[in-house]
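Down below is the structure, laid out as structure tokens.
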Amino acid sequence: MLHLLSNPQTPHTILYLHGLGSNRNSYTGNTLKKLFPQFRWVLDSFNLLDVSQTHAQLVKLIQDHQIDTVISSSLGSIYNLFIKPDPDTGHMVNKILINPCCFPSKEIVHLVQVPQNALELCRKVEHDIYHLHQYNTPEYLFGIFAKNDELFQYHDFFASRYGNFEKNRDIATNCIWVEGGHHHLAPEVLQNAVSRAIQYFSAGE
């Protein structure tokens, strides 16, 4: 498994996957790029309501840019969870999820008007991730959850399904609470949270 700090002399490449209604100019992605200039960053715009297009675009970016880690926010996180190992190399990216929307078929209908075919594809993706997809294991996952998220809250779901409790039976070491709401976490909050994720992945080398 590749980790962010496996070779401090060589910058690794991080893809930021934005949430619904955002794009390559997202606050979170560009703030992280400024906070962590030692890494190469790939920021792109995705049509997150087009499931097939987004997945294909994501797979191509990972292959073309040799992405080590994908950081995702909100709705983008369901696509992050959907990423599977490269079929040729077996390489799996590290995944950092910020306020993830784990069940978009239940949540996005309250936010925007969604085509029926998009909802059906979302349900198929959710089924694949949570019932068929066996590649999402704690060593590749880190969840960041705002205490005052006003849209949805999947901290407990993430911790119960993907939490790493090896060192502490009560607290998952790869699942943390942070101050803030769903949007625009403060730079110092993002810096501390993502630094903890980086340390988590590097400790597993």
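The values are calculated or read from the model by the stated rules, or taken from the named source; none is laboratory data. Every value quoted in this text rests on a predicted model; they were computed, and no experiment measured them. Because the Cβ atoms are built from the backbone with ideal geometry, glycine has one as well, and the counts that use them run over all protein chains shown.
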Please pick out the residue among Asp170, Asp128, Asp149, Asp156 that is over 19 Å from Ile71 (Cβ atoms) and in contact (Cβ under 8 Å) with a residue 24 or more places away in the chain. Asp128
Based on this model, can you work out whether Ala172 counts as farther than 24 Å from Gly21 by Cα, in contact with a helix residue (DSSP H, G or I) (Cβ under 9 Å, 6 or more places away or on another chain) and outside any strand (DSSP E or B)? yes
Tally of residues being in contact (Cβ under 8 Å) with a residue 12 or more places away in the chain, surrounded by fewer than 19 Cβ atoms within 10 Å (Cβ to Cβ) and part of a loop (DSSP other than H, G, I, E, B) across segment 101-125: 5
Gly181: passes all of (1) closer than 27 Å to His12 by Cβ; (2) modelled with pLDDT of 95 or more; (3) not hydroxyl-bearing (Ser, Thr, Tyr) but (1)
Look through Lys95, Lys33 and report the one residue that is among the basic types (Lys, Arg) and without any contact (Cβ under 8 Å) to a residue 40 or more places away in the chain. Lys33
Segment 1-100: helices (runs of 4 or more DSSP H) wholly inside it with 2 or more residues that are surrounded by fewer than 18 Cβ atoms within 10 Å (Cβ to Cβ) and at pLDDT 95 or above are 27-35, 51-65
